[in-house]
Amino acid sequence: MNDCIFCKIINGEIPSNKVYEDELVYAFYDIAPAAPVHILIIPKEHFSGMNEASPAHQALLGHILLTAQKLAKDLGFAEDGYRIINNCGENAGQTVFHLHFHLLAGDQFDRLV
Ligand code: 5GP
Ligand code: ZN
């Protein structure tokens, strides 16, 4: 039995505000937005985070980044700019252990690096 909340979002057991879906990825609005636009992009395949990614996921990881770019263009904030974040593990504050990338836009963000 899979208790992963993001797997449940993908299969519709938990409702979500979907932005985009294809055969590899699912994108939806974060329930607790940290920016005017806060989208989560997740692979349909469950793995818990970047530490579990392997060379077999190379194309999938590239597809996630290009999906972020596509959404930025389609939703009209590509030119103004956006931030893509992946939190991996305890020190980064990861709370959901199904790989996900945050896509943040609509504001000017403080620099982290
Ligand atoms: P993390 O902290 O692991 O990088 O990010 C997890 C994100 O998932 C958080 O920003 C949190 O608000 C979001 N989240 C957690 N549960 C749900 C949910 O049930 N629905 C949606 N749409 N977002 C969720
Ligand atoms: Zn999952």
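The values are calculated or read from the model by the stated rules, or taken from the named source; none is laboratory data. What you are looking at is a predicted structure, and each value in this text was computed from that prediction instead of being measured. Counting neighbours? That spans all protein chains shown, and the Cβs are built from the backbone with ideal geometry, glycine included. Ligands, DNA and RNA are excluded from the accessible area calculation, which covers all protein heavy atoms including side chains. Shrake-Rupley method; radii C 1.70, N 1.55, O 1.52, S 1.80 Å.
A few points about this structure:
- Accessible heavy-atom area order of GLU79, GLU21, highest first, probe of 1.4 Å: GLU79, GLU21
- Annotation: lysines with alpha-carbon distance below 20 angstrom to LYS73 (same-chain offsets under eight excluded): LYS18.
- Kirkwood-Stokes translational diffusion coefficient of region 5-105, alpha-carbon pairs, 4 °C, 1.567 mPa s, µm²/s: 94
- Surface per residue (accessible, 1.4 Å probe) for the chain, Å²: 61
- Region 59-72 - phi-based ³J(HN,Hα) in whole Hz, Karplus 6.51/-1.76/1.60, Gly and Pro as x: 5, 4, 5, x, 5, 4, 5, 5, 5, 4, 4, 4, 5, 4
- Taking the accessible area of region 5-105, probe 1.4 Å, and keeping the other protein chains in place, the carbon and sulfur fraction comes to 53%.
- About its Cα centre, the dipole of region 5-105 is roughly 60 debye, where the only charges are +1 on Lys and Arg Cβ and -1 on Asp and Glu Cβ.
- Think of it this way: in the chain, CYS88 stand alone, with no other Cys Cβ under 4.7 Å.
- Within straight-line cross-link reach of LYS8, aspartates and glutamates at Cα separation under 13 Å, skipping those fewer than 8 residues along the same chain: GLU45
- Solvent-accessible surface (1.4 angstrom probe) belonging to PHE109, in square angstrom, nearest 10: 60
- Accessible surface for GLU13 stands near 120 Å², nearest 10, in the context of the full protein assembly shown (1.4 Å probe).
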